[in-house]
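Written below as structure tokens is the structure these notes are about.
The values are calculated or read from the model by the stated rules, or taken from the named source; none is laboratory data. Model, not experiment: these values are computed from the prediction. Virtual Cβ from ideal backbone geometry, glycine too; neighbours counted across all protein chains shown. Ligands, DNA and RNA are stripped out before the accessible areas are found, and what is left, the full protein with its side chains, is counted by its heavy atoms. Shrake-Rupley method; radii C 1.70, N 1.55, O 1.52, S 1.80 Å.
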Amino acid sequence: MRHHDLVVLGAGSGNAVIDDRFADLDVAVVEEGPFGGTCLNRGCIPSKMLAHTADVADTVREAGRLGVDATLDGVRWTAVRDRVFGRLDQEAADGERARRRDGSVTVHRGRARFTGERTLVVEDGDGGEVRFSAAQVVVAVGSRPVVPPPVRDSGLPYETSDTVMRLPAPPRRLAVLGGGYIAAELAEVFRSAGSRVTVVEKEERLLSAQDESVSEAFTRIARSRFDVRTGAALRRLEGEPGRLRLLLDDGSAVEADTLLVAVGRTPNSDTIDADRAGIALHEDGRIVVDAQQRTTAPRVFALGDVCTRVPLKHVANREAQVVAHNLLHPGDLTATSYEALPAAVFTRPQIAQVGRTEQECRDEGLSHRTATRRYADVAHGWALEDTTGFCKVIADPGTGRLLGAHILGPQAATLIQPLVIAMSLGIDVPTLAKVPYWVHPAPTEVVANALLDLDL
């Protein structure tokens, strides 16, 4: 049996662990799918490329309100899809070729399973297998979409975020099951491409994990664009391919050509026989790790969606940096910090957040103050003719430090960054609001003015 110094299971963020510092080691990477993982091939990057295209199309559609006469002839879906995946498929292939050219890295193709303590077998899907052991292992096998029983047991076709972006054409009628960020982003993409979209969400609001002000505002905006069914769950899926009927528990029904299931994701820990390696799992399937990304098995680390409580690509990348350091410096371990962790939703308008929501502050009994500034209150908002966007900040009146911030509006994913920096470095609200210059007239003024409005 061959022995490697290091084996990495998964070529998404796991692949980022291996750099020139590992050149003297015998390293193996195991991957069943395309290199780059979910983000490059089925997630963050293609969805954002499609979201930008949708944003351009909608900008043309809405140009009349600015006095610009413009006509959108259409969205050439096939051309858009081929542009996106023509590039990303090449990136994935190039990533694998680069690893294979690396003399110190062996690429094993197939699904890996543990057979014992740091011993593994990789099955290639054609009946072949290779067995090996390792001094150290990194588990980064990611996650997959959850498919609820009414869909899974129906025998009828459905799409997930893994497949829907590669459809040959936009569906005439698309039903989206779920109200989280994946559902919201892809609903916008297909609405802009010409689909009539119905969103079904069991919660009373879309994006219910967001701050209540953002969730309420986004749900109102979504109702003007989609048929939104909140407070309703799928009871049964019936019909035939191309003529689907979703029966909801509120007694209503949704007719659709295509169903997109976007109700969440589940870790792929159940594919690796973790128990044989001594790797413990949480009840939700996530691998148990400590602050240093170590699992319960000796010299086995984990990172990314298979273990993290915050399944975001920038989190997985940070965890990969921590794992790489700890593999190389076992006597000087470092920990992953999840403080001041931002996230964004690339809908129209964009949404971004960092820190606590107002409802979390209430639930935790934290003394807090809030302030909200609308885009319409600042000059750049006038230029945009924006009537829905806002920045909401939450601070501790005792320390003056930010507890959270939430932005709904153009460029939200960029505007959140000074607030992330302030929370990360412990900069209080008065200092952030009054010491640095804020460009006028620029969208950042909505952030500055919200900070100034805080009554501390």
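Below, the figures for the structure above:
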{"quantity": "Accessible area expressed per residue, the stretch 1-107, with surrounding protein chains retained (probe 1.4 Å, Å²)", "calculated": "51"}
{"quantity": "Partners for K313 among lysines (Cα-Cα distance below 19 Å; same-chain residues under 8 apart left out)", "calculated": "K48"}
{"quantity": "Translational diffusion coefficient (Stokes-Einstein; Kirkwood radius from C-alpha pairs) of the stretch 63-151 at 20 °C, 1.002 mPa s, in µm²/s", "calculated": "117"}
{"quantity": "Mean projected area in nm² (Cα convex hull; one quarter of hull surface) for the stretch 222-291", "calculated": "8.3"}
{"quantity": "Paired Rg and Dmax values of the stretch 165-204, which use every Cα atom, in angstrom", "calculated": "10.0, 33"}
{"quantity": "V107 long-range amide H proximity, modeled H, under 5 Å", "calculated": "V29"}
{"quantity": "Selected from A135, L207, T230, residue furthest toward positive end of dipole (the chain; charges at beta carbon)", "calculated": "T230"}
{"quantity": "Cα point-scatterer Debye curve for the stretch 251-299, base-10 log of I(q)/I(0) at q = 0.13, 0.26 Å⁻¹", "calculated": "-0.48, -1.04"}
{"quantity": "C-alpha long axis of helix 44-61 to longest principal axis of the chain, angle in °", "calculated": "20"}
{"quantity": "Whole-Hz ³J(HN,Hα) from phi, Karplus 6.51 cos²θ - 1.76 cosθ + 1.60, for the stretch 413-423, glycine and proline x", "calculated": "5, 8, 5, 6, 5, x, 6, 4, 4, 4, 5"}
{"quantity": "Mean accessible surface per residue for the stretch 310-452, computed with a 1.4 Å probe while every protein chain stays in place, in Å²", "calculated": "46"}
{"quantity": "The stretch 305-456, dipole about Cα centre (Lys/Arg Cβ +1, Asp/Glu Cβ -1), debye to the nearest 20", "calculated": "140"}
{"quantity": "Pairwise label distance in nanometres, L66 with D290, each label 7 Å out on the Cα-Cβ vector", "calculated": "5.5"}
{"quantity": "Compactness relative to 2.2 N^0.38 Å, alpha carbon Rg of the stretch 122-248", "calculated": "1.34"}
{"quantity": "The stretch 279-387: GluC sites (Glu not before Pro) in DSSP coil with no more than 14 other Cβ atoms inside 10 Å", "calculated": "E283, E339, E364, E385"}
{"quantity": "In nm, spacing of pseudo-spin labels at E360 and A135 (7 Å Cα→C-beta vector)", "calculated": "4.0"}
{"quantity": "Reach of K392 by Cα under 18 Å, taken over lysines that are not fewer than 8 positions away in the same chain", "calculated": "K434"}
{"quantity": "Integer Hz, Karplus 6.51/-1.76/1.60 couplings in order for the stretch 374-391, x for Gly and Pro", "calculated": "8, 4, 5, 8, 10, 4, 5, x, 5, 4, 7, 6, 7, 10, 10, x, 7, 10"}
{"quantity": "Charge dipole (debye, nearest 20) of the chain; +1 at Cβ of Lys and Arg, -1 at Cβ of Asp and Glu", "calculated": "620"}
{"quantity": "Estimated vicinal HN-Hα couplings, Hz - the stretch 209-216 in sequence order (Karplus 6.51, -1.76, 1.60; Gly, Pro = x)", "calculated": "7, 6, 4, 4, 5, 5, 4, 5"}
{"quantity": "Geometric extent, Cα atoms of the stretch 335-403 - Rg, Dmax (angstrom)", "calculated": "14.5, 45"}
{"quantity": "Carbon + sulfur, % of accessible area of the chain - ligands and nucleic acids excluded, 1.4 Å", "calculated": "48"}
{"quantity": "Quotient of C-alpha Rg and 2.2 N^0.38 Å, computed over the stretch 229-377", "calculated": "1.44"}
{"quantity": "Antiparallel DSSP beta bridges within the stretch 172-330, percent to nearest 5", "calculated": "50"}
{"quantity": "For R236, distant residues with modelled amide H under 5 Å away", "calculated": "L247"}
{"quantity": "Base-10 log of normalised Debye intensity for the stretch 304-456 (one unit scatterer per alpha-carbon) at q = 0.14 Å⁻¹", "calculated": "-0.73"}
{"quantity": "The chain, Rg to Rh (Cα coordinates; Rh as Kirkwood inverse mean 1/r)", "calculated": "0.99"}
{"quantity": "Relative contact order (%) - the chain, alpha-carbon pairs under 8 angstrom, separation at least six", "calculated": "14"}
{"quantity": "Share antiparallel - DSSP beta bridges, the chain, percent rounded to 5", "calculated": "60"}
